[in-house]
Amino acid sequence: MRILTGALVALCLAFPAHAQDDRDARVAMAKEYVDATMTDMEIQEFIRQLWQPMVQQMAANRQPMSEEQIMQIDKLFLDHLTQPLTDVMRKQDEIMADLMTLEELTALRDFYTSEHGGAVMRKMPQLAQIQQPMISAVLQSAMPEMMPKIEAITMPK
């Protein structure tokens, strides 16, 4: 019985060390992926995708802006968001390690660093930019019907 108890204690003590080793491996793999994506990422283009729908919406509502105003908005967003969003993107390795297995992270890294995978991933921001007006249109058409329902849900009874 003491042998069985000793074996169980040894197994229990070894498990946390193995789990940490596994997490460390996942973090390392996720960091490889993040480093590869950050090399190719054009953070300024990503940030422009955040504010351009707002400017487009204003133009659609007959509030067009001059080129100078658009350049000022661009600078404002870039000045305030470039470093913080870069920091957020760089910190995703820990989150990815908690969400994904080592095999998934390895496959993701391998896909991204492959010729075709890298090409596809570099085109994803362009895809998102093309889809953004469509998404905005869906939201805009749905909001008149949804807002009264949201208000009904959120109003105190």
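Points worth noting:
- Where a label projected 7 Å from the Cα of residue 135 along Cα→Cβ would reach, residues of segment 100-129 with amide N under 11 Å: 125, 127-129
- Added length on full extension, which subtracts the Cα-Cα distance from 0.36 nm per residue, residue 49 to residue 153: 34.3 nm
- Inter-part distance, segment 125-157 to segment 48-122, computed on C-alpha centroids, equals 21 Å.
- Candidate lysines - alpha carbon under 27 Å from residue 91, same-chain residues fewer than 8 apart omitted: 31, 75, 123
- Average accessible area per residue (Å²) across the chain - probe 1.4 Å, nucleic acids and ligands excluded: 74
- In segment 37-81, the trypsin sites (Lys or Arg not before Pro) that fall in loop regions by DSSP, at most 11 other Cβ within 10 Å: 62
- Under a 5 Å amide H cut-off, with hydrogens placed 1.01 Å from N, residue 41 pairs with nothing among residues at least 5 apart or on other chains.
- 20 Å cut-off, amide nitrogen to a point 7 angstrom out along residue 78 Cα→Cβ, residues in segment 29-70: 38-56, 65-70
- Mean residue ellipticity (222 nm) of the chain, computed from DSSP H runs ≥ 4 via -39,500 (n - 2.57), nearest 500: -31500 deg cm²/dmol
- Matching label, Cα Rg over 2.2 N^0.38 Å computed from the structure shown, candidates (i) 1.21; (ii) 1.05; (iii) 1.58: (iii)
- Counted charge near residue 80, where neighbours are those whose Cβ lies closer than 14 Å (Asp, Glu -1; Lys, Arg +1): -1
- Accessible surface of segment 80-157, 1.4 Å probe, proportion on carbon and sulfur as whole %: 67
- The charge dipole of segment 10-127, taken about the Cα centre with unit charges on the Cβ atoms of Lys, Arg (+1) and Asp, Glu (-1), comes to about 380 debye, rounded to the nearest 20.
- Highest-MSF residue in the chain out of 137, 36, 97 [GNM, Cα springs under 10 Å]: 137
The values are calculated or read from the model by the stated rules, or taken from the named source; none is laboratory data. From a predicted model like this one, the values you see are computed outputs, not experimental measurements. In this analysis, Cβ positions are derived from the backbone assuming ideal geometry, glycine residues included, and neighbour counts consider all displayed protein chains. The accessibility values were calculated without ligands, DNA or RNA, using every heavy atom of the protein model including side chains. Shrake-Rupley method; radii C 1.70, N 1.55, O 1.52, S 1.80 Å.
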